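Each reported figure results from applying straightforward, stated rules to the coordinates on display, with no laboratory input. Here the structure is a predicted model, which means the values were calculated and not measured. Backbone-built Cβ (ideal geometry, glycine too); neighbour counts: all protein chains shown.
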Amino acid sequence: MGDRFARPRLHAYIRRALMLYHKLRVEAVFCGMHVLAIGCLLYLATHYSIAPLFSGSALFWLILDLIGNYAVIRIFSDGVPNTVSAGFTVSGAILVLFNPLVAALLVGFGTLDERDFRRLRTTRWTFYNRSMHFTCAAIAALVLQHLPGPPLTEADPASLMARMAVMSLAYFIPNTSLVRAGIAALENERFFDRYPFKGDLLLGYLFQGCLVSIGLVLLARMNEALAILIVGPLWALRFSLEKVIELREINEQLVQSFADALDLRDHDTAGHTRRVAALARLIARELHLSRRLQDDIYAAGSLHDLGKIGIPDAILLKPGSLERCEWDEMKKHPVMGASLLAPYRHLANVTAIMRHHHEKFDGTGYPDGIAGTDIPIGARVITLADTFMVITDGRQYRAARTVDEAVAEIKRCAGSQFDPQIVEAFLTLDPFTLRSTINAVDPADKRPVLRALAPNPVWARLLGFKAA
């Protein structure tokens, strides 16, 4: 009896300890960021003059930086919300035109955006970002100042561009690392669960910090007021990107409407697909799959029966067992669903998972009869999740069975129908508590399942990303 009550108490202590660790980790990361920023600014204050900060030129560039950063566009990259702005174009020019102390202060305050002014971002994140930009700007400016070559005011365009490329890299590495550290702490993730150093991010920094910023610097050398000419092209670029993203979202809403139409047609399928998606994501997380693949699996799980929209009602809604010819017709739904998504090239992974979610590990499944690791891992995860939910949910023609019976069936079919590695991960999750966990997920949740998979338009890659 003592054992029976001791174990829940132990689990409660462990949960409290983990919660305390999470809180301490968040405080350590955020306080450490502020201490680092203060240290950088104090160092710069002892080596550089602050007088240029109180000039009309500094005010002009601060306003220009605020304009570039103010209106951000929300996008999704690798399943993570991000924002796009043209702000680093102006920030890069500021790092060249002012001494490191003044540059750090101008960039730190000039990167305030719409979410900060409208209180759409928490105060904690606003201050964290200020400290982060102070620090990153200080590092980049110091690197730029100490690169070999003539003074920046005398450097020729080729030499200046090369040095600005190094400066952009010096800003990029600490910026992405510190953003990731803050997000990882808040979401209680490991730092490399989402790899921060993306090629498209670096491309954005180099594009803005070299090719565009150098234009601003050269204009400022002729006449500082000419720099205002960059505002029009930057906002035109932003407008173009916004329209591209709106078009992509319309496409995704269209695909989602297919799934909604199926939900209206078959009420059993509506709740089932959501529960399969939720369980599949839990298994994918247990397998330590990438965040992007987890999102692919969730989207495919939510839409895995999309092809049933093409199955006649007489078959789809039949209360009894299907005849052989009816079953052959029903088996076409994975291909039908994949064909509906085929025009959306950025959903290629989701399409492949949907097509193969009825394959079996031993090669006896359909539609293609592939086996083992030739089956996409997302499809192997959904196969198991789908089976568990079908057994425990029941169907019009078959009563629901217990979790014990479902687990016994899955264990029996490990190596034949299911990937043994995925079965092991599933059993690690404790299937006996999974039903209550999954039932807590609202099957009528209308949040778009594809939004996290939105592609990154070329303009977005060139402009670069920031933390959400």
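Whole-Hz Karplus ³J(HN,Hα) for segment 171-182, in order, using 6.51 cos²θ - 1.76 cosθ + 1.60 and θ = phi - 60°, x for Gly and Pro?
Along segment 171-182, the couplings run 7, 4, 5, x, 4, 5, 5, 6, 4, 5, 4, x Hz.
Residue by residue through segment 88-102, what is 3J(HN,Hα) from phi via Karplus (6.51 cos²θ - 1.76 cosθ + 1.60, θ = phi - 60°)? Round to whole Hz and write x for glycine and proline.
With the stated coefficients, segment 88-102 comes to 5, 4, 6, 4, x, 5, 4, 5, 7, 7, 10, 5, x, 5, 5 Hz.
Taking R0 as 25 Å, what FRET efficiency do you get between Val335 and Glu189 from their Cβ-Cβ distance, rounded to the nearest 0.05?
Values: r = 37 Å, r/R0 = 1.47.
Working from the Cβ atoms, E equals 0.10.
Quick check on the exposure proxy: order Glu323, Glu359, Glu286 from fewest to most C-beta atoms within 10 angstrom. Could the numbers behind the result be given before it?
On the way: Glu323 11, Glu359 25, Glu286 16.
Arranged by neighbour count, lowest to highest, Glu323, Glu359, Glu286 become Glu323, Glu286, Glu359.
For segment 21-222, what is the convex hull volume of its Cα atoms per residue in Å³? Spell out each step's value before the answer.
On the way: hull volume 24.3 nm³, N = 202.
Enclosed volume per residue, from the Cα hull, is 120 Å³.
Report the local net charge at Pro150: Lys and Arg +1, Asp and Glu -1, summed over other residues whose C-beta lies under 11 Å from its C-beta. Each step should come with its number before you reach the end.
Values: positive: Arg163; negative: Glu154, Asp156.
Computed value for this residue: -1.
How do Ser91, Ser159, Ser49 line up, fewest other C-beta atoms within 10 Å first? Working shown, then result.
On the way: Ser91 29, Ser159 15, Ser49 10.
Ascending Cβ contact count within 10 Å gives the list Ser49, Ser159, Ser91.
Mind listing the phi-derived Karplus ³J(HN,Hα) values for segment 313-327, rounded to whole Hz, using 6.51, -1.76 and 1.60 with θ = phi - 60°, and x for any glycine or proline?
Values per residue, Gly and Pro as x: 4, 4, 8, 4, 9, 5, x, x, 5, 7, 6, 4, 5, 5, 5 Hz.
Give me the number: length gained by fully extending Glu323 to Ile14, i.e. 0.36 nm times residue separation minus the C-alpha to C-alpha distance, one decimal in nm.
On the way: separation 309, 0.36 × 309 = 111.24 nm, distance 5.33 nm.
Here the segment from Glu323 to Ile14 would lengthen by 105.9 nm.
In what sequence do Asp296, Asp430 fall when counting other Cβ within 10 Å, fewest first?
Listed from fewest to most nearby Cβ atoms, that is Asp430, Asp296.
Under a crude label model (7 Å from the Cα following the beta-carbon direction), how far is Ala400 from Glu154 in nanometres?
8.1
Relative to the present Cα-Cα distance, how much length would full extension add between Leu226 and Leu211 at 0.36 nm per residue of separation?
Details: separation 15, 0.36 × 15 = 5.40 nm, distance 1.71 nm.
Value of the extension gain: 3.7 nm.
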